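The values are calculated or read from the model by the stated rules, or taken from the named source; none is laboratory data. Remember, it's a predicted structure, so these values are computed and weren't measured experimentally. Neighbour counts run over all protein chains shown; Cβ positions are idealised from the backbone, glycine included.
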Amino acid sequence: MRSSNPVFSRRGFSRDNGYAGFNTAAQAGYAQGNPYAQNPYAQQVQQGAPPQAPAATDRMTMDDVVMRSAFTLGTVAVGAALAWVLLPVSTTSYGLAFGAAIVAMVLALVQSFKRTPSPALILGYAAFEGVFLGVISEMFNSRWSGAPFQAVLGTMAVSAATLLVYKAGWVRVTARYARIGMAIAMAFILVMAVNLLLVAFGVAEDGGLRSFGPLGAIVGIIAIVLGAFFLTLDFKQIEDGIAYGAPRSESWLAAFGLTLTLVWIYVEMLRLVAIFSSND
């Protein structure tokens with residue numbers, strides 16, 4: 001299995017190991033007693049040559065992940081703020097938001113299929129995603145005042161709770177956990193795609209499963225729970241990358257994955273806030 005976010009495939013999960021790790025020879029010492037821990041970054045030592053540990057300066061650290069994530073999410077925030085200020089709610093702004101979303105998706109897909117992380121692609125995705133989020137956030141705020149702020153708080157709460165659950169060991173990211181979760185996620189995405197087609201052709205009214213009624217609220221809650229699931233996969237990928245000596249450049253992929261997941265949660269939280277506000 002190679003996916004740890006709602007749409008895009010990233011390294012970090014494979015059929016060759018027991019849980020979210022990396023799939024080559026196990027690192028000596030650290031992996032002892034852990035049949036799943038594997039290190040793709042261990043150097044290939046020629047027969048008879050003494051093993052050499054990779055330079056510590058080339059390894060990914062938590063500081064690297066935090067800095068790259070802050071930079072990527074900051075780019076999303078700046079793009080959203082500029083779009084909010086410069087693009088008032090109108091048909092034109094909706095068109096620009098749709099175009100920005102398409103460009104962001106294309107950039108994200110290109111990065112997901114690349115062997116190595118590209119900061120330019122990742123930051124480009126973040127910028128265009130920010131424009132999209134800025135326009136739709138302003139649109140929601142114009143109808144449900146304060147909805148974006150509540151959605152941000154909700155996203156932060158979900159992220160903090162998921163991290164707490166993960167660090168406390170209440171959720172163990174195993175291969176089975178990842179397979180079941182991804183199967184549910186793919187089924188959810190497929191159902192949403194079918195629902196979108198039914199709405200587009202007028203078969204389903206008022207948004208179908210994505211309506212602003214009780215059914216839409218249930219679907220939104222399921223989507224947020226799936227977002228929390230993706231966060232646990234992201235956390236495990238980061239943890240393993242640091243533990244098993246991933247190159248520093250991998251921190252960009254960690255930032256990319258976290259950004260994808262947090263955007264997913266924010267958009268669903270924004271819809272959920274609007275639904276509850278509409279029913280007050």
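Tabulated values for the structure
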quantity: Residues located in segment 196-249, provided they are without any contact (Cβ under 8 Å) to a residue 40 or more places away in the chain and β-branched (Val, Ile, Thr); calculated: 199, 203, 218, 219, 222, 225
quantity: In segment 199-235, the residues that are of a type in the set (A, V, I, L, M, F, W, C), within 22 Å of residue 278 (Cβ to Cβ) and in a helix (DSSP H, G or I); calculated: 199, 209, 215, 217, 218, 219, 221, 222, 223, 224, 225
quantity: Residue match in segment 156-178 (condition: within 17 Å of residue 271 (Cβ to Cβ), of a type in the set (S, T, N, Q) and in contact with a Phe, Trp or Tyr (Cβ under 9 Å, 6 or more places away or on another chain)); calculated: no
quantity: Residue match in segment 260-276 (condition: within 25 Å of residue 130 (Cβ to Cβ) and either at pLDDT below 90 or surrounded by fewer than 18 Cβ atoms within 10 Å (Cβ to Cβ) (or both)); calculated: no
quantity: Selection within segment 241-259 - surrounded by fewer than 22 Cβ atoms within 10 Å (Cβ to Cβ) and assigned to a helix (DSSP H, G or I); calculated: 242, 243
quantity: All positions within segment 222-280 that are polar (S, T, N, Q) and more than 28 Å from residue 97 (Cβ to Cβ); calculated: 232, 237, 249, 251
quantity: Any hit, segment 107-117, residues being out of contact with any Lys or Arg (no Cβ under 7 Å at 6 or more places or on another chain), part of a helix (DSSP H, G or I), surrounded by 13 or more Cβ atoms within 10 Å (Cβ to Cβ) and hydroxyl-bearing (Ser, Thr, Tyr); calculated: no
quantity: Enumeration of residues in segment 57-106 that are surrounded by fewer than 13 Cβ atoms within 10 Å (Cβ to Cβ), among the small types (Gly, Ala, Ser) and assigned to a helix (DSSP H, G or I); calculated: 70, 95
quantity: Positions within segment 119-140 being in contact with a Phe, Trp or Tyr (Cβ under 8 Å, 6 or more places away or on another chain) and not hydrophobic (A, V, I, L, M, F, W, C), in sequence order; calculated: 119, 125, 134, 137, 138
quantity: Qualifying residues in segment 170-188 (those that are β-branched (Val, Ile, Thr) and more than 16 Å from residue 235 (Cα to Cα)) - the one surrounded by the most Cβ atoms within 10 Å (Cβ to Cβ); calculated: 184
